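Here is the structure we will look at.
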Amino acid sequence: METFDPNEHRARCEEYLSRFLQSRVRLVHAEPLTRSSRDVPWRLDVAAAEVPPEVGGATRSYVLRLAARDGEHEYHVLRAMEALPIPT
C-alpha cells in the first residue's frame, strides 16, 4: 500500500481544506505525527491563500487523519455540534 504524503499532493490538500473550511487556503507545511493505532496522521499548517507567503500571515494547524473509512461524516457531525455547550 502506497503512503500518502501531503507534500507531494499540495494542490489536492489545499482544495480539500478550502472546501471544508469554506475559505481558500494554501498549505504552508505538512509533517507526519507519531503513528497511532490508525494510519499515520499528518499535521497540516495552512494560511489564507489571499495573504502572500512573504507577508507571513497567521497559520492554523489541522490534523489530517488518513483512514480507510470515510472521515467526512465525522467532520460534519463535529461541525454541527460546535454550537452545543460541550467540547468536541
**Request:** Tell me, yes or no, whether segment 12-26 has at least one residue that is under 15 Å from the mean Cα position of the chain (by Cα), at pLDDT below 85, among the charged types (D, E, K, R) and assigned to a helix (DSSP H, G or I).
**Result:** no
**Request:** Say whether the condition of being at pLDDT 80 or above, in a helix (DSSP H, G or I) and not hydroxyl-bearing (Ser, Thr, Tyr) is met by at least one residue in segment 47-55.
**Result:** no
**Message:** Need the failing condition index for Val77 against (1) modelled with pLDDT under 80; (2) of a type in the set (Val, Ile, Thr); (3) outside any helix (DSSP H, G or I); (4) surrounded by fewer than 12 Cβ atoms within 10 Å (Cβ to Cβ), just the number.
**Reply:** (3)
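The values are calculated or read from the model by the stated rules, or taken from the named source; none is laboratory data. Here the structure is a predicted model, which means the values were calculated and not measured. Please note: Cβ atoms are built from the backbone with ideal geometry, for glycine as well, and neighbour counts cover all protein chains shown.
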